[in-house]
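What follows is one structure encoded as structure tokens, with my remarks underneath.
A short reminder: the numbers here are calculations on the coordinates, not readings from a lab. Keep in mind it's a predicted model, so treat the numbers as computed, not measured. Here the Cβ positions follow ideal geometry from the backbone for every residue, glycine too, while neighbour counts run over all protein chains shown.
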Amino acid sequence: MEVDCTVDVYGDWHRHFMQAMLSQPAISADGLKKLVGDISGNTIRDLDQIKTFLLTVRSKVHSLGLDLKKGLSERDGRPVYALINTSGGEETVACAAFSEVQLRYLRALIQEVVTSVRGDISAMAALNLADGMPKADAQELLRRLVRDCWLEETDSRLALHTRAILELEPYLLRHYGEHVPRCQMCGKITVRGRLCEQDGCGAKNHHHCLGKMRDKMGVVKCQKCNSLMTDED
């Protein structure tokens, strides 16, 4: 691999990084550090270098309608980096090379997940949403959606992947705003979270945000109405 000695000028390292991200649209923080290290022959190691490297990538891909964004997994609160389409909304879904029948199924899945109490649905419930599509085709599409980080599966339950939430935030807010309020603690939209049970409150917070409060303060309180909460379902 040709040696590229700069992190702030777009070059071979950045191009190889983008090629890797195009094949895996979401990656953990540890995975990203390893990827950058492998590409640069461990020349890029410290946090400041990695930040500069990523800023250089972002400045280049913005003109292509792409961005590299960091989010926190709603499942465990760990950082996730995702390459997303910045057009957002319907346009993003339509650009993902799905047929019209597949798009209809994907939108039905998103609606069912986002409007559910837990923010996830069973794999069987997901299959039952297939309309005008053979079950075998629906199963294959679900596998593809998990592989491409639109969905994530845990214990046979499907939820929106961090990549999907980052990319579809405008779409989710436009169509399902009341179901994805912003977490009172981190300010990000909440699909999977804990609703305050106090009458008339309606606040919703990520479980990992509530967990941080519990670890720090020993109790969990709603940031909107100050009532006691739990970070468990």
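Annotations
- Note on Leu64 and Asp148: their simple-model spin labels are 1.7 nm apart, each label 7 Å out from Cα toward Cβ.
- Translational diffusion of the range 55-166 was estimated from the Stokes-Einstein equation, with Rh taken as the Kirkwood radius over Cα pairs; at 20 °C and 1.002 mPa s the coefficient is 144 µm²/s.
- Ordering Ser227, Gln198, Met217 by Cα displacement along the dipole of the range 181-233 toward the positive end leaves Met217 in first place; charges were set at the Cβ atoms of Lys, Arg (+1) and Asp, Glu (-1).
- Over the range 129-185, Cα pairs under 8 Å with separation of 6+ residues give a relative contact order of 17 percent.
- Cα gyration tensor of the range 181-233 - equivalent ellipsoid semi-axes, whole Å, descending: 15, 13, 9
- Taking the helices alone, the chain has a mean residue ellipticity at 222 nm of -14000 deg cm²/dmol, built from -39,500 (n - 2.57) per DSSP H run of at least 4 residues and averaged over all its residues.
- Dipole magnitude for the range 89-169: about 200 debye, using +1 per Lys or Arg Cβ and -1 per Asp or Glu Cβ, origin at the Cα centre.
- Pairwise inverse Cα distances across the range 41-88, averaged and inverted, put the Kirkwood hydrodynamic radius at 12.1 Å.
- Distance (nanometres) between label positions extended 7 Å along Cα→Cβ at Asp131 and Leu22: 3.6
- For the pair the range 148-163 / the range 25-70, the C-alpha centres are spaced 23 Å from each other.
- Taking 7 Å steps out from each Cα toward its Cβ at Leu195 and Ala97 produces label points 3.9 nm apart.
- Value of Rg/Rh across the chain [Cα atoms, Kirkwood radius]: 1.01
- Dipole check for the chain: with +1 at the C-beta of Lys and Arg, -1 at the C-beta of Asp and Glu, and the Cα centre as origin, the magnitude is about 500 Debye.
- When you restrict to C-alpha pairs under 8 Å that are six or more residues apart and normalise by the size of the range 38-143, the relative contact order lands at 13 percent.
- Percent RCO, i.e. relative contact order, over the range 12-85, from Cα pairs under 8 Å lying at least 6 residues apart: 35
- When you count the other C-beta atoms within 10 angstrom of each residue and take the mean per peptide, 179-187, 159-167 line up highest first as 159-167, 179-187.
- Length added when fully stretched, Gln111-His175, from 0.36 nm per residue minus Cα-Cα: 22.2 nm
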